[in-house]
Amino acid sequence: MLTVIDERDGERVLTVRFHETTIGAELISALQSVLDDVEHGAIENLVLAFRGDTESVTGDFPSWRPGQGRGDMRYFARWDEMLSRLSRLKAKTLAAYDGRVGAAAVQVGLVMDLRLSSAQARLSLGSLPEGRFPGMGAYWLPKFVGLGHARRIFLLGEDLTASRACRLGLVDVVEDTVEAVVDATIKAMRPVTPETACFTRRILDDCYVLEPAAAAELAKAARYKVGLPSHDD
């Protein structure tokens, strides 16, 4: 994992580049430290960039054989905590995919503002026959691809090309190179403040579970926080 901070158009961009095959417990700890830096360091943009190749996957989950120790239980508790922090982060958050990326990388993207991809990327989501229990992925994935697609992915497994992932809704923007799509998206989102991005993400994340009155209160609080008019369009 490599972390780089640079400045673009007056905003700071923290980019975390992953080349590791799996996101293990040590990498989760490192990611938690990155989130600390974003929360306390006035970082406006966070980019988590996963770069694999044609032969190997980057950003997959570790695999465990069933046993009495059940070390995977503690791992996934920490993983879910990290995703929750990421989903509430007061920053503009982007996931970027290049080459073949695994289920953990895809799941990270589901809690971020936008998912970006090179044309060469392939999303490898894993399946139950491969011993990949979906966990919280079963909460997030159907929101993007629908129940039917999510069920087929979890039960049968599927590697998605960037273009197909975009059609399904797992990827938002595809360009020839991952550098080009990240640069263009950061530029396009320049007028959006980190606080606005955070509230928008919260409203969208909760859109299936909130009653209309609760949704209205959340939207009202968001407008107040970011200084927008309180009336509905």
Quick check: is even one residue across region 60-67 surrounded by 18 or more Cβ atoms within 10 Å (Cβ to Cβ) and in contact with a Gly (Cβ under 8 Å, 6 or more places away or on another chain)?
yes
Just checking, does region 59-71 include any residue being under 24 Å from ASP183 (Cα atoms) and not in a helix (DSSP H, G or I)?
yes
If you take the residues of region 4-37 that are free of Cβ contacts under 8 Å to residues at least 24 places away in the same chain and in a strand (DSSP E or B), which of them is farthest from SER124 (Cα to Cα)?
GLU7
Hey, does region 215-224 have a residue that's at pLDDT below 65, small (Gly, Ala, Ser), farther than 28 Å from ASP9 by Cβ and part of a helix (DSSP H, G or I)?
yes
Considering residues that are in a helix (DSSP H, G or I), open to solvent by 60 Å² or more (accessible area, probe 1.4 Å) and without any contact (Cβ under 8 Å) to a residue 60 or more places away in the chain, the number found within region 184-199 is 1
If a residue must be modelled with pLDDT of 95 or more and buried (at least 21 other Cβ atoms within 10 Å of the Cβ), how many such residues does region 17-30 contain?
1
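The values are calculated or read from the model by the stated rules, or taken from the named source; none is laboratory data. Predicted model only: the values in this text are computed from it and were never measured. FYI the Cβ positions are ideal-geometry reconstructions off the backbone, even for glycines, and counts take in every protein chain you see. Calculation scope for accessible area: heavy atoms of the full protein, side chains included, ligands and nucleic acids excluded. Shrake-Rupley method; radii C 1.70, N 1.55, O 1.52, S 1.80 Å.
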